[in-house]
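Below: one structure, written as C-alpha cells.
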Amino acid sequence: MLVVLNGASSSGKSTLARLLQGALPGEFLHVQLDVFRAMEPPDYFRSTNPSRNKLRVAALCRSLHRATREFVDHGQNVLLDHVLSPEAWDYLLEDFADCSPLLISVLCSPEELARREEVRGDRKAGLAASQAKSIHRGREYDFSIETTSATPAVCAAEIAAWLSLTPQPAAFTRMRARAAVA
C-alpha cells in the first residue's frame, strides 16, 4: 500500500507519518522529502539559471519517487511525505501511473503554518505560507485532514480509522485522467 501525504511545509506530515507507523496494522516505511532535501548543499536552489533549477527539481522528485517505487514493488507499505508543487505533482502522476496511491491532503491555516515555521527555525520564513496558496489547488484527494487545531494524535487516529476501511484509490485515477486530457 502506498499512501501519499501532501501538504505545505510545517503542516504536520512527518509527525503524522511517524504516528501512523505505530497506529496502522503492519509495517509502514516513512519516505520523507526532507531526507532527500538534506542531501543538498547550501543554497542548492538559489541558482539564477531556471533550467538548472528545473533539472534539480526533476532529479529530486524522480529520485524520491524511484526509491518509493522500489519499496512498493518489493511489497513494502509506504507513507510518502511530500510537498507536491505543480511539477512534483506531474512527476507523481507519471511515476506511479500503474500503482494508484491513496492521496491524503494535509491542510493547515497560513497563520498556524507561520507559527510552526517560526518555532522550528529550520525553514525560510514564509515558505509554508507560499506553498499553502497553491499546493492543493486543482487537486483531488481520497481523504483530507485539517491539522490547524487538532492534535497530531487525533489527526493520525482519523487517518488510521479511514485506512482501516480499506479505501480504494480513486483520486489518483481521476487526476491522471484529467492530466491526460490537458
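Each reported figure results from applying straightforward, stated rules to the coordinates on display, with no laboratory input. Just so we're clear, the structure is a prediction, and the values are computed from it rather than from any experiment. Glycine also receives a Cβ, built like all others from the backbone with ideal geometry; neighbour counts cover every protein chain displayed.
A compact table of results
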{"item": "Computed magnitude of the charge dipole of the chain (debye, nearest 20; Cβ of K, R +1, Cβ of D, E -1)", "result": "520 debye"}
{"item": "Whole-number percent relative contact order across the chain, with pairs defined as alpha carbons under 8 Å at least 6 apart", "result": "35 percent"}
{"item": "Protection-proxy order for peptides 49-57, 10-18, 70-78, 140-148, each taking the mean of Cβ atoms within 10 Å per residue, highest first", "result": "10-18, 140-148, 70-78, 49-57"}
{"item": "Rule-of-thumb Rg ratio for the chain [Cα; 2.2 N^0.38 Å; N residues]", "result": "1.00"}
